[in-house]
Structure formats: C-alpha cells, structure tokens
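The values are calculated or read from the model by the stated rules, or taken from the named source; none is laboratory data. All values reported here derive from a predicted model rather than from experimental measurement. Because the Cβ atoms are built from the backbone with ideal geometry, glycine has one as well, and the counts that use them run over all protein chains shown. Ligands, DNA and RNA are excluded from the accessible area calculation, which covers all protein heavy atoms including side chains. Shrake-Rupley method; radii C 1.70, N 1.55, O 1.52, S 1.80 Å.
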Amino acid sequence: MNKNEPLILKGGASHLQNREMELLIGNLTDVGVYRNIERGTKVTKRDKNFDRNQFFWKDVLMNKVYECQYVKLSNFCLTEWIPQSPGLYHTKDAFYQRKAAMDFVNNFGKIIKGTPNSKRTQIELNPNGKLKMVEGGIGNVRLKAQKIFNTKEEYYILGATSSGVCHEGLPVVVPLDLYREYVEVIKDKGGVRCNITGQVRIIDTDNLPIKYDRQIMKYCVLVEEIEMIRACFFNEIFTSIAISYSDKLKFIDGNPMWSFVSFTPDKLEKELSSSVNWLYDYAQRHTHCLSPIILGDFDEHKEHFDNVKLPIKDLAQGKWDWAVLKEFGKFLKIEINNNIMGDHFSNITNTTIINKSKVIGSFNKVKDQFDEDTASVLATIASIVEESKDKNAGELFDAFNEELEKEEPKKSLLQTFWNGLTTALPVLTMTAGVIEKITKIIG
C-alpha cells in the first residue's frame, strides 16, 4: 500500500466503559445545540484569517478565539457533512486515541478494497478497539435546515474544512439565500472550495439533556459572505459516519456497540448507500442477530434504518426520548437534564397518562415561534394533567401536542382538543396565565 494513499477506516467497539458511552450519547444529543445560536452584533472589521483547520482549533484550545470574532476561512471546502464533535480531533488526547486504535486492525490482516467508486484503501478495525476512533474525533453528521434566533428564518448547518476531511473541520451556519446559491454544486461535486467570512459564535449547551465533560465548547461560524473558488474535485471530500447499536431491545441489558465507516460523497450517493449497508452488516456480524437494534444514527436528510432509538431527525430538533435517555442515565450514573429551558418537566414521566416527548416537541416549537414564557404554559398544563391521573385528559393533551408539532397545525383541531381538556379538567381555566397563553398559541 502506498504510504501516501489515504485510508478509509472501518471499525466498531463493544463492552463500552462509562466514559466512552458518555461521549457516544453526548455526541448524539449534542446535534440539537445549533438551535441555541444567538445573533451577534454586526461588525465590519475582519479580525483574523485562517487557512488551515488546525490553526483555527489551535487558537480555540489556546483560548484565542472569542465570541463575535470576525474571521475569514480561506480556501476551505464547504460540505453537507459537519463534525459530530467539532474540534475534538485536534486535541492531544484524541491523537493518542487514534494512534492506539491502529493496534486493533482485524486479525485476518486483510486489506479490504473500497466500493467501485472509491480509490481509497479500507482496513477493518477489530471491535476490541473500544471506541478509540470516536474518542479520537472521527465522525460526521448531516442536518436539515434549522430555525434559529427565535425567528422563522431558515439556516443550514454545513461543514467547512481546509483539508477536505470533514471531521477535521468546523460547523458553519449558512443563511438560506447563500445555501441556495451553492447547494447544487455541493450536491453535484460533494463540496465547493471557497473563502468564507463570518462571526464566531459559542453556543450555549445548558438546555441539552446530558451534561458531561465536552472538552471543547461548541464553536461555529455564522456566515455572512461566501466567495467561490471552484467546485471540489472527485475524492477531495472525505467523510465518516457512525452508528451505535445493540443486540437486545432492552439495550442496557445487552452490549451497546458502535461502528463507523469513511467514504467519499458522490452525486448519486452510491458511496453513502454502500457505507450504510456495510455498517448494518457489521452490526449483524457482531451482535449475531439479523435485526440489531440501532441506538443512534447520523443523517437527518434520509432514514437509513428502521426504529432508531435516538434518531438524529428528532435530536436535531430538540426532541428527546426521555425513556431511552433515562436508561442511559441509570447505566452511566450521569445527570440527565430533565429541567431544560426553565420548564418544569422534571415532574412528568412517560406513563399511560401523558407522553412527555410530545410535550417537549411542542414546547420547542412554541418557544421558536413565540417565546419561552408562552411555551411554559405547556409545562404547566402537563403537570396538571399528570397530577390528575386522568387517562382521557392525557390522551387529549397528547393529541393537542401532536397536532401542535405539525408544520401547519389545524386551529380547529387544537380548539377541539383544548375544549375537551378543559371539560375534563376545569382547573385549567382557573390556573393563572393558562387561558391567555393558550389563546395566543391557538390564535
């Protein structure tokens, strides 16, 4: 093998330790962080220019990158794939983890050739590698549009990387008009080489459901200008995707495991499809079952697996499955942050009375559409319904929240569900602020 030929690493891990599982689950739930971006003060003077991934992250690690710093990323590739754990790759600990992972190459010693569209060489890591690569910062995710700044404006979270290796780069937040200008080339060629100018933002993580040592704060660049240099060449972009999986539905009683694969994006996404098939095959081989349970995935654009326990399409929108997270919390003895965004969801459980995840989803939507104070009425109602133990009221409130979560909820249905709720629980009409805020929500 040519020493200059890049490797596509494939691998997995089993028998996870608490620290490893904490990092794994934290990485999954952290994709919802981008909803918390705040708009910065408008500035015009450029503070610093970066032309390498490592220079940006070196300054971050040395505390030389600050909030609202106006930066230019020169000659970076703009791609759909963002680092799952931005900046982790550039830490010393991550370097040693990746180096240690290479001690766990599959015992068969085979060089596994890539798919027909790939010229890279692949090797398979033994599961005994125990997450060395994920601890080394390997892994990317792909997200849909996000509505941030508490407005209806859509922004896209993309990746920017000087090397073309997506997990080495950083997230950039691109307004819809700029995204539309370059998305066709990105889809066609995998990315565009460009100069990117914008403000550094440090994102608040207080409202995320798992608290753990993230090692690096959540940095991104809020993009104001993009100057295209050229479309990316074939094989210039290199991304890695990961899944976590288990051999049992009650996954904590089984063996939670993890696997990843690297590939070059292509127009028809054949490499992505091939990589997904490899991941599922790997999960089947190492769980010894035909239908392994997928705990977490990587792509909000497409559903590649059935019945994912912590699907990224929900996590990216701030919707947590508290029952699943609670199981992880017991297993890890880590803090599950139920009391997010000042609401009072800690008193609510996923019982036959009420579906807590639906309340969280509608809360987040109302918060985005109006404000947190208006959304807080849903937590108040949830507490009253939960305390009543009235199953009929619980079903009505679930239906109300399910309709409210829709892109265009029907006001007539919301009013019908609300009338049923107040009939079942008249105390709602006598609780301070409830009628006023519900009227605002229903319109």
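Would you say Lys411 is more than 22 Å from Asp314 (Cβ to Cβ), surrounded by fewer than 20 Cβ atoms within 10 Å (Cβ to Cβ) and charged (D, E, K, R)? Yes, satisfied.
Scanning segment 196-220 for residues that are touching a Leu at 6+ places or on another chain (Cβ under 7 Å) and either small (Gly, Ala, Ser) or open to solvent by 20 Å² or more (accessible area, probe 1.4 Å) (or both) yields Gly198, Gln215. The set of residues in segment 247-265 that are crowded, with 22+ Cβ neighbours inside 10 Å, among the small types (Gly, Ala, Ser) and at pLDDT below 85 contains only Ser259. Applying the selection to segment 206-218, what residues are at pLDDT 80 or above and within 14 Å of the chain's Cα centre (by Cα)? Lys218, the sole residue that qualifies. For segment 279-304, the set of residues classified as under 19 Å from Ser262 (Cβ atoms) and either open to solvent by 20 Å² or more (accessible area, probe 1.4 Å) or assigned to a helix (DSSP H, G or I) (or both) consists of Leu279, Tyr280, Asp281, Tyr282, Ala283, Arg285, His286, His301, Lys302, His304, listed by residue number. Within segment 68-103, the set of residues being open to solvent by 70 Å² or more (accessible area, probe 1.4 Å) and either charged (D, E, K, R) or in contact with a strand residue (DSSP E or B) (Cβ under 7 Å, 6 or more places away or on another chain) (or both) comprises Asn75, Lys92, Lys99, Asp103.
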